[in-house]
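The values are calculated or read from the model by the stated rules, or taken from the named source; none is laboratory data. Since we're looking at a predicted model, the values are computed, not measured. Counting neighbours? That spans all protein chains shown, and the Cβs are built from the backbone with ideal geometry, glycine included.
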Amino acid sequence: MTVIKWNVRAGTYYDSVVLMQLQRGLLELPGVLDAGVVMATQANRDLLATNNLLPDSISANPDDLLIVVKADTENSATDAIGKVDELLARRKSSSVSQDFRPRSLSAAVKQLPEANWVLISVPGRYAAGVAREALELGKHVFLYSDNVSLEDEIALKKSAREKGLLVMGPDCGTAIINGIGLGFANRVRRGSIGIVGASGTGTQAVTAHIHNLGSGISHAIGTGGRDLKSDVGAITAQQALDVLARDDDTKVIVLISKPPSPDIATSLISAAQKTGKPIVIYFIGYPPPARKIGNLRFAISLSEAAEISVGELEDSRIPQSSNSRFVRGLFSGGTLAYETLLGLQASISPIYSNAPITTYQLLEDPLHSRAHTIIDLGDEFFMVGRLHPMIDNDLRIRRMKQEAADEQVGMILFDVVLGEGSHINPAGELIPVIKEIRETRTGELEFVAIVIGTDDDPQNLQSQIDQLKDGGMTVFRTATEAVEHISLRFGSNKKSEFTPVNLDQLKQPLAAINVGLESFYDSLISQGAQAVHVEWRPPAGGNEKLASLLTRMKK
Amino acid sequence: MSMDIDQANQTAVNRMMEARPILKAVATARDVIPGMKDNLFLHAGPPIEWARMSGPLRGAIIGAMLFEGIAKSEAEATPMVERGEVEFDSCHHHGTVGPMAGVTSASMKVYVVENAEHGNKSFSNLNEGYGKVLRYGAFSDDVLKKLHWMNNVLGTALADALAQSNGIDLRALIAEALHMGDEGHNRNKAGSLIYLKLISPLIAKVVKDNAAESEVLQFIGDNALSVLNPVMAACKAMTDAAHGVEGSTIVTTMARNGTDFGIRVSGLGEKQWFTAPAEIPVGLFFSGFSQDDANPDIGDSAITETAGIGGFAMATAPAIVTFVGGTPKDAVNATLEMYEITFAESKYFTMPVLDFRGTPTGIDLRKVVELGIAPRINTGIAHKNAGVGQVGAGLVRPPLKIFEDALLAFAEKYNI
């Protein structure tokens, strides 16, 4: 015997999808044989009738919600009808409603555009492909995967070096960037010791010991074990050394590696000398040439490398003799200031400006420079109640004096923009001031001018240049030439053979895309970093023919 | 290889997005559809012969033969087909699309959509509403009676009404409906109401008899799928505009005939289909029906996903999230997944919930194969037996194999 029960709810509307779900819920109840839940339109009533779910006695209008249950007993039917509200209220809270996990690197980049790093831990034969894609997207690579061919490693690192990007690895187990551990990393204090490590556990041992000695780490850059072999040529180690040398927050650098090829050891030691920073070198098993050569110290164990670096750090706090370390640019032309900043940011750091290119370059108080600074004096902040600096040099002269009073300043850069409307003789006005400044200043101070104009300008270009040169100034006709000159003097790698790694990227809060081991993603999140995990699978489901075809079709 | 696939794809998706489908007219199929003739029956999906047709498609063809008066009964129709007295072809070879069986015959009234940007035309039959209908393979007397009414009364009213206007801009209609909770495939409630709003004053002008006018308006308004067919024709006009771009890997057709799932690709041949057995959709079922009753995937309505709406625009249709797991977030994730395999984001179809991001547009064969993600298609589910009708709605994905086959054919054609 079967029983049919129904319930009509006047003027109640639910989308049909919700109703189908309710119907499915009713069917799951004990004793229920069939159920229909519909808005009682003619078409729906016909449908119920077809399935013998529409007793003649039901009366319902098209706007009514009609719930019909067929069950094996009266009680089952009544119970089912009684459950309707509960079922309607039921939310699929148990369903896994997580954030979307991208399947491709490019989708991940869209999801987290600020990510500068890609962690790769997919099986070796796919790793180079993923790394190549990451580099193409302009991201630094932490390549945990092993079994990457030497050819691929060399190609990846050369490509990265051209773009000013780092490839840490392959087979790189650990790194610490801006306080965030990548891969296997100990939780260590932030500090002023930088590490370049071709040995993962070596790096862990040294960073942990430095922490236990009370100091901390600025960045620890891994290179992968083969980086210091002749074939690879220490591409990553050289880049890492260079970027840490330019980092004002890194006072001491520790270089750790298993025995490098002799030619590589020589070139690294030479590069280390040129940084001018205290560098502690521990080439495991490689006989140190001496305990100390100039700024270099050679350690004989991991723990000693840590101890020496902490000791050097204390010494480095003593003020150094050469103080004239910074350039200050005082511009009347906004675009010239911007172009100069754009050129300088690649080679000198930290650099600040009241017209920054990226937010962390912002000079919070435009009235007071810090480190390297480029000021646009034509900015409206300075213009209140004043003539433009192209006409009126008063503000610039006062700022020149202010900058010169800072003994850390080694160069003052300014522009002279000639033409109609500009000051009629800027050189004539500036030269006496500079002369006066030089008389009061003890340390070295260079003045560099960028002059823009033509011989037909009222001020006469050649006459202005001659006056400035006679007044002892270095004169350039373009910002580009001036940038080159400044970089040679203040850039730490003065004859860089490669595109320098952008130091500012290292200093941004770390955001990364993880491709491979999910535990690396969890670790990033638990350290407070922003991260996106890519639900990676082998391309074309592992079908090599299709995968290689796809590679050809991407070009 | 000198060919630039990305460039070709950009051209193809630009043509798809910039196409401007305008609903211009309702006319008789034989007068407007290229190549249409009296014994030709167009059907949904890739071309298929009678022997391999599924129940609903066979039923719809018999129904159309009865409607045309070629046969008097099923008993008369079947032997005629077997003797080869009627011809079949894919709707897509004639600029046409139809939901479910998609059967379109010479005397049927069809919507005429014109792409104002590129000049191509597309066609779709009129939507019959719910219950026992031809598109699900039903051909009983009342089904035929309704079809005749649609042709004579509804079709004439629509034809006269549209003749009074400059046409209905379907791109604008779809864009608006996407902001009102439609995704344009399984949910067309808002779009159908917009359509009713636009067509009502025109119908009032041309239908003299009050009772007939009321009947026509009632029919359009009661059917939340009224606008599905014009929308599909609009998508067809868009995707046809994107077809035939040399070197492009953009998919320009996804369609099912109830037996096979087929796709076509912009940079490959006009009639070059890649097919594999259609999957059975997974979904929610009407009372009295279950998964066991479901026919393999059928219909041309996947043209909506091909054009970047439907399942691809799931994020904007929160009312029907149950299809994709139950929460609005699942719906958003469904759309985010489709960005992985598409080349562009629509300039015109946007989704408020994603900060008005454009819908994922232009399926790139390469991405589908590389990531192993097949397109998501929202779909109605037909009963496997002819004439029973719709039994549910749900989600289906095409078999990956057809994308792999297409990729290999592409590589062969272009010597990659």
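Conditions (1) in the same structural domain as B:T249 (by TED's automatic domain parsing); (2) assigned to a helix (DSSP H, G or I); (3) surrounded by fewer than 24 Cβ atoms within 10 Å (Cβ to Cβ), marked per residue:
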residue: B:K347; (1), (2), (3): yes, no, yes
residue: B:I363; (1), (2), (3): yes, no, no
residue: B:K367; (1), (2), (3): yes, yes, yes
residue: B:A374; (1), (2), (3): yes, no, yes
residue: B:I381; (1), (2), (3): yes, no, no
residue: B:N385; (1), (2), (3): yes, no, yes
residue: B:L395; (1), (2), (3): yes, no, yes
residue: B:P398; (1), (2), (3): yes, no, no
residue: B:A406; (1), (2), (3): yes, yes, yes
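Quick one: count up the residues across region A:247-289 that are over 20 Å from A:G225 (Cβ atoms) and in a helix (DSSP H, G or I).
4
Please determine, by comparing only the residues of region B:201-237 that are in a helix (DSSP H, G or I) and touching a Lys or Arg at 6+ places or on another chain (Cβ under 8 Å), which one is surrounded by the most Cβ atoms within 10 Å (Cβ to Cβ).
By that ranking, first place goes to B:A234.
Within the group A:S347, A:S332, which residue is closer than 20 Å to A:L506 by Cα and among the polar types (S, T, N, Q)?
A:S347
Looking at (1) within 12 Å of chain A (Cβ to nearest Cβ); (2) surrounded by fewer than 21 Cβ atoms within 10 Å (Cβ to Cβ); (3) of a type in the set (A, V, I, L, M), which one does B:V353 not meet, given that it meets all the others?
(1)
Quick one: which residue in B:F274, B:F261, B:F285, B:F289 is within 22 Å of B:A393 (Cα to Cα) and buried (at least 24 other Cβ atoms within 10 Å of the Cβ)?
Answer to the check: B:F261.
Scanning region B:320-332 for residues that are under 29 Å from A:N51 (Cβ atoms) and in contact with a helix residue (DSSP H, G or I) (Cβ under 7 Å, 6 or more places away or on another chain), which turns out modelled with the lowest pLDDT? Step through it out loud before you land on a result.
Of all residues in region B:320-332, those under 29 Å from A:N51 (Cβ atoms) come to B:320-326.
Checking the rest, the ones that are also in contact with a helix residue (DSSP H, G or I) (Cβ under 7 Å, 6 or more places away or on another chain) come to B:320-324.
Working: B:I320: 86, B:V321: 82, B:T322: 77, B:F323: 70, B:V324: 67.
Here the residue is B:V324.
With the condition kept exactly as written, say whether any residue in region A:101-119 is more than 16 Å from the chain's Cα centre (by Cα), touching a residue at least 24 places away in the same chain (Cβ under 8 Å) and under 30 Å from A:N212 (Cα atoms).
no
Residue by residue through region B:127-168, note down the ones that are more than 30 Å from B:A77 (Cα to Cα) and out of contact with any strand residue (DSSP E or B) (no Cβ under 6 Å at 6 or more places or on another chain). Full working, then the answer.
Applying the first criterion (more than 30 Å from B:A77 (Cα to Cα)) to region B:127-168 yields B:157-168.
Selection gives B:A157, B:D160, B:A161, B:A163, B:Q164, B:S165, B:N166.
Which fully enclosed strands (runs of 3 or more DSSP E) of region A:335-425 have 3 or more residues being free of Cβ contacts under 8 Å to residues at least 12 places away in the same chain, of a type in the set (D, E, K, R) and surrounded by fewer than 19 Cβ atoms within 10 Å (Cβ to Cβ)?
none
Here's the yes/no breakdown for (1) crowded, with 24+ Cβ neighbours inside 10 Å; (2) assigned to a loop (DSSP other than H, G, I, E, B):
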position: A:D99; (1), (2): no, yes
position: A:A108; (1), (2): yes, no
position: A:E114; (1), (2): no, yes
position: A:V118; (1), (2): yes, no
position: A:Y126; (1), (2): no, no
position: A:E133; (1), (2): no, no
position: A:G138; (1), (2): no, yes
position: A:F142; (1), (2): yes, no
position: A:D146; (1), (2): no, yes
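Please name all residue pairs, on different chains or six or more residues apart, with Cβ atoms under 8 Å, provided the first residue is in region A:7-21 and is more than 9 Å from every other protein chain (Cβ to nearest Cβ) and the second residue is small (G, A, S) and assigned to a loop (DSSP other than H, G, I, E, B).
So the pair list comes out as A:V8/A:A40; A:V8/A:S59; A:V8/A:A60.
It is to be established whether one or more residues within region A:135-149 are in contact with a strand residue (DSSP E or B) (Cβ under 6 Å, 6 or more places away or on another chain) and charged (D, E, K, R).
Yes, the conditions are met somewhere in region A:135-149.
Checking B:Y339 against (1) away from chain A (no Cβ under 14 Å); (2) buried (at least 24 other Cβ atoms within 10 Å of the Cβ), only one condition comes out false. Which one?
B:Y339 satisfies all of (1) away from chain A (no Cβ under 14 Å); (2) buried (at least 24 other Cβ atoms within 10 Å of the Cβ) except (1).
For B:A60, state whether it is outside any helix (DSSP H, G or I), out of contact with any Phe, Trp or Tyr (no Cβ under 6 Å at 6 or more places or on another chain) and either more than 14 Å from chain A (Cβ to nearest Cβ) or under 24 Å from B:G262 (Cα atoms) (or both).
No: the conditions fail for B:A60.
Can you tell which of B:T304, B:T275, B:T361, B:T342 is more than 26 Å from A:S548 (Cα to Cα) and among the hydroxyl-bearing types (S, T, Y)?
Sole residue among the options that is more than 26 Å from A:S548 (Cα to Cα) and among the hydroxyl-bearing types (S, T, Y): B:T304.
Do you know which of the residues in region A:26-46 that are within 10 Å of chain B (Cβ to nearest Cβ) and of a type in the set (A, V, I, L, M, F, W, C) is farthest from A:T73 (Cα to Cα)?
A:A43
Would you be able to tell me the number of residues in region B:405-416 that are touching a Leu at 6+ places or on another chain (Cβ under 8 Å) and more than 10 Å from chain A (Cβ to nearest Cβ)?
Within region B:405-416, the subset touching a Leu at 6+ places or on another chain (Cβ under 8 Å) is B:406-411, B:413, B:416.
Filter once more, so that each one left must be more than 10 Å from chain A (Cβ to nearest Cβ): B:406, B:409, B:413.
Qualifying residue count for the region: 3.
Which members of region B:185-210 meet the condition of being within 20 Å of B:T359 (Cα to Cα) and out of contact with any Phe, Trp or Tyr (no Cβ under 8 Å at 6 or more places or on another chain)?
Residues of region B:185-210 within 20 Å of B:T359 (Cα to Cα): B:185-191.
Matches in region B:185-210: B:H185, B:R187, B:N188, B:K189, B:A190, B:G191.
What pairs can you find where one residue is in region A:228-245 and on the phi > 0 side of the Ramachandran plot, the other is among the aliphatic types (A, V, I, L, M), and their Cβ atoms are less than 7 Å apart, with a gap of 6+ or different chains?
What qualifies is A:G233/A:I264; A:A234/A:L228; A:A234/A:I264; A:A234/A:L268.
Do we have B:E128 as closer than 30 Å to B:P360 by Cβ and of a type in the set (D, E) here?
Here the answer is no, as B:E128 does not meet what is asked.
Within region A:39-46, can one find any residue that is of a type in the set (V, I, T) and over 17 Å from A:D15 (Cα atoms)?
no
Could you tell me which of the residues B:A315, B:A319, B:A331 is surrounded by fewer than 24 Cβ atoms within 10 Å (Cβ to Cβ) and either facing another protein chain (nearest Cβ under 10 Å) or over 14 Å from the mean Cα position of the chain (by Cα) (or both)?
Exactly one of B:A315, B:A319, B:A331 is surrounded by fewer than 24 Cβ atoms within 10 Å (Cβ to Cβ) and either facing another protein chain (nearest Cβ under 10 Å) or over 14 Å from the mean Cα position of the chain (by Cα) (or both), namely B:A319.
Every residue in region B:373-404 that is within 12 Å of chain A (Cβ to nearest Cβ) and at pLDDT 95 or above, please.
B:I373, B:A374, B:L400, B:K401, B:F403, B:E404
With the requirement that a residue be over 21 Å from B:C235 (Cα atoms) and among the hydrophobic types (A, V, I, L, M, F, W, C), what does region B:160-182 give you?
B:A161, B:A163
Counting only residues that are more than 18 Å from A:K139 (Cβ to Cβ), away from every other protein chain (no Cβ under 14 Å) and at pLDDT 90 or above, give me the helices (runs of 4 or more DSSP H) lying completely in region A:464-555 with at least 1 of them.
A:479-490, A:518-526
Taking into account only those residues within region A:275-295 that are out of contact with any Ser or Thr (no Cβ under 8 Å at 6 or more places or on another chain) and under 16 Å from A:A240 (Cβ atoms), which is surrounded by the most Cβ atoms within 10 Å (Cβ to Cβ)?
A:I279
Filter region B:125-139 down to the residues that are within 16 Å of the chain's Cα centre (by Cα) and within 14 Å of chain A (Cβ to nearest Cβ), then identify the one that is surrounded by the most Cβ atoms within 10 Å (Cβ to Cβ). So that I can check it myself, show each step before the final result.
Of the residues in region B:125-139, the ones within 16 Å of the chain's Cα centre (by Cα) are B:125-129, B:134-136.
Going one step further and asking which of them are within 14 Å of chain A (Cβ to nearest Cβ), we end up with B:127-129, B:136.
Values: B:N127: 26, B:E128: 23, B:G129: 16, B:Y136: 33.
Filtering region B:125-139 for residues that are within 16 Å of the chain's Cα centre (by Cα) and within 14 Å of chain A (Cβ to nearest Cβ), the one surrounded by the most Cβ atoms within 10 Å (Cβ to Cβ) comes out as B:Y136.
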